[in-house]
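Heads up, the thing below is written out as structure tokens.
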Amino acid sequence: MASVTSLSDSVQQHLASALSAGLPEAAGADPLLRRSDRADFQANGILALAKKAKANPRELATQVVDRVVTGDVIKEVEVSGPGFLNITITDKAIIETLAARYADEAGRLGVPYAANPGTTVIDYAQPNVAKEMHVGHLRSAVIGDSVVQLLEFTGESVVRRHHIGDWGTQFGMLIQYLDEHPHELDHKASTEDTAASGEEAMSNLDRLYKAARRKFDSDEEFKTRARRRVVDLQAGDPHTLAMWQKFVDESKIYFFSVFEKLDMEIRDPDIVGESGYNDMLAETCRLLEESGVAVRSEGALCVFFEDIKGPDGNPVPLIVQKSDGGYGYAATDLSAIRDRVFNLKADTLLYVVDARQSLHFKMVFETARRAGWLGDGVKAQQLAFGTVLGKDGKPFKTREGETVRLVDLLDEAIDRASAVVREKAQDLSEEEIAERGAQVGIGAVKYADLSTSASRDYKFDLDQMVSLNGDTSVYLQYAYARIRSILRKAGELRPAAHPELELAAAERALGLHADAFAETVREAAREYAPHKLAAYLYQLASLYTTFYDKCPVLKAETPQQVENRLFLCDITARTLHQGMALLGIRTPERL
Ligand code: ARG
């Protein structure tokens, strides 16, 4: 693999050396380069530098222009306005740089690895045992999966943790009920179909949950037996644990069926739920109490914060141990931090969790800092996401006002997408329509989620999501499939770079943008911002559409020009394919 210096990086280097030659104190300064409509790039950094050096910005800009080496990469550089630089790249450099990307292994496209990769533990896709997955679990899974792909692509070591809710008092009730009705989780028949067995598992769990709840609410003696079970569970009684394991296993059958529908790889060893930290809880509390980070207050073990107060003005503490001795969500998360920092050697802890849990994480991180578990070298961050809204702009609910089951929503998306695929299908079999329908439908759901910045709420609007026009995954998937079809039709002529050719404006725009894939990935990974990659890909497809309108490919004037345009087509296709893969979205060859 060969990492390729992008055009923008190489212009940056040219400018930086001209700059430090012109103004020695500006060595290492950022010329603030960005793509521009007027020229290919514009550098805006001279203004601030001149101001700092008390120099005239236009004069400094002119000095830099005089020193910039033009020729191979930079065709022209000129001063504009109060001291901006407009930079034009040679056609040759555009094609040569892309050719170097093209020569790299297909998915890599010459994108360099990060200079100092570290270890990130990412906490995402964390449904709850014995409970249905709903639309809130969608975002964590989709965003988390894309961030994993992005980070791994830059060379980061990534440890995935699915912090499922598999522990707590509700299990006493469930276990007791199952103990008294031992066949309630039996499967009717073994089935090969994961979706079917997933559905069956969930309906078993749901039925059992409701029955147990009914009994718990109406039968005082059962309630007592159920409470005793919680104590047995936490004490590690083998029979109780074995019953609990049945719930976890049953739930996993269901989770895996949903993740499979989501076209997402979740691995069993990465599922380390709340229960996985049970053995650490007592020690976590002891360390917090001994160090004085936590104090007893009305029997509970609490951590207090200056700036966190309730509506009554009284401080709201983080409760790590309740007055009855029970441990909750916070104790588990604090223990998980110890595990992730000291055992997994993470230097970054990332939590893809609903924004409504932000106060929890703020308090947990601060507590861990005070306890010395999160040192200077360790970053902890919640990648907080917003709410999925219905078309009416209110949190997404069914018409009956219930939370929407994730599977229902995915099925509906697949149905709608299949209808779109069927309408456009020319030579697709029923089987292919079903397969593409799933790829388009799931892609639509993921793309809609990933194309808005995570922190914002968004409206779940299937009509818009599967639309062929506009910023949708289907539009990108069609762009990809169209390019692949052209490449198939090219016959004898193969894509080949011809740096000696003069480029049309639409070719230059497409080429320059294709080259910016590396920067986009770098930025999206650094900021955990898949939406920046989505925006980039949409623009790439749009520029391709313009190019395709303006520049005949197979009917270009000379064989060299046909080859060069096929080459631009192919590099666009590869970029779309790889970019979409980093979002967890498939790009079918034909649509
Ligand atoms: N299971 C939780 C929920 O459904 C999310 C867990 C988030 N991760 C964590 N380490 N607390 O809301």
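Any read-out appearing in this document is the output of simple, stated calculations on the displayed coordinates, not a laboratory observation. Since this is a predicted model, take the numbers as computed values, not measurements. Neighbour counts are summed over all protein chains in view; Cβ atoms, including those assigned to glycine, are modelled from backbone coordinates with ideal geometry.
Quick notes
- Only one residue of 479, 243, 335 has its Cα farthest out toward the positive end of the dipole of the chain, where Lys and Arg carry +1 and Asp and Glu -1 on Cβ, and that residue is 479.
- Alpha-carbon centroids, the stretch 543-591 and the stretch 128-145: separation in whole Å: 35 Å
- Normalised contact order of the stretch 143-298, rounded percent, pairs of Cα under 8 Å and 6 or more residues apart: 35 percent
- Around residue 300: net Lys/Arg minus Asp/Glu count, Cβ-Cβ under 13 Å: -1
- Relative contact order (%) - the chain, alpha-carbon pairs under 8 angstrom, separation at least six: 15 percent
- The stretch 447-484 and the stretch 28-56 have Cα centres spaced 35 Å apart.
- Mean residue ellipticity (222 nm) of the chain, computed from DSSP H runs ≥ 4 via -39,500 (n - 2.57), nearest 500: -17000 deg cm²/dmol
- Considering only 83, 504, 558, the residue lying farthest towards the positive end of the dipole of the chain is 83, judged by Cα position with unit charges set on Cβ.
- Around the Cα centre of the chain, unit charges on the Cβ atoms of Lys, Arg, Asp and Glu (plus for the first two, minus for the last two) sum to a dipole of about 1180 debye.
- Total formal charge among the other residues, if their Cβ is under 12 angstrom from that of residue 404, Lys/Arg +1 and Asp/Glu -1: -3
- When the trypsin sites (Lys or Arg not before Pro) in the stretch 176-234 are filtered for DSSP coil states and for at most 12 other beta-carbon atoms within 10 Å of their beta-carbon, the remaining sites are 188.
- For the stretch 347-363 versus the stretch 60-81, the gap between their alpha-carbon centres in whole angstrom: 47 Å
- Here the peptides 283-291, 486-494, 570-578, 2-10 are ranked by packing, the mean other Cβ count within 10 Å, and the order with the highest first is 570-578, 2-10, 283-291, 486-494.
- Environment charge of residue 6, counting only residues whose C-beta is closer than 11 Å and scoring Lys/Arg +1, Asp/Glu -1: -1
- Whole-number percent relative contact order across the stretch 322-441, with pairs defined as alpha carbons under 8 Å at least 6 apart: 19 percent
- Cα-based reach from residue 394 at 16 Å (exclusive), listing lysines while leaving out same-chain residues under 8 positions away: 459
- The stretch 374-461: trypsin sites (Lys or Arg not before Pro) in DSSP coil with no more than 12 other Cβ atoms inside 10 Å: 391, 399, 456
- For residue 75, a cut-off of 20 angstrom between C-alpha atoms picks up these lysines, skipping any fewer than 8 places away in its own chain: 92.
- Charge-dipole axis of the chain as Lys and Arg at +1 and Asp and Glu at -1 on Cβ define it, positive-most pick from 41, 273, 106: 41
- The chain: C-alpha gyration tensor shape, a/c 1.5 cut-off, then a/b vs b/c: oblate
- Note on residue 391: aspartates and glutamates with a C-alpha under 16 Å away, same-chain residues under 8 apart excluded, are 400, 402, 412, 449, 457, 461, 463.
- Evaluating 6.51 cos²θ - 1.76 cosθ + 1.60 at θ = phi - 60° for every residue in the stretch 329-341, the Karplus couplings come out as 4, 5, 4, 5, 5, 5, 5, 4, 4, 4, 5, 6, 7 Hz, glycine and proline recorded as x.
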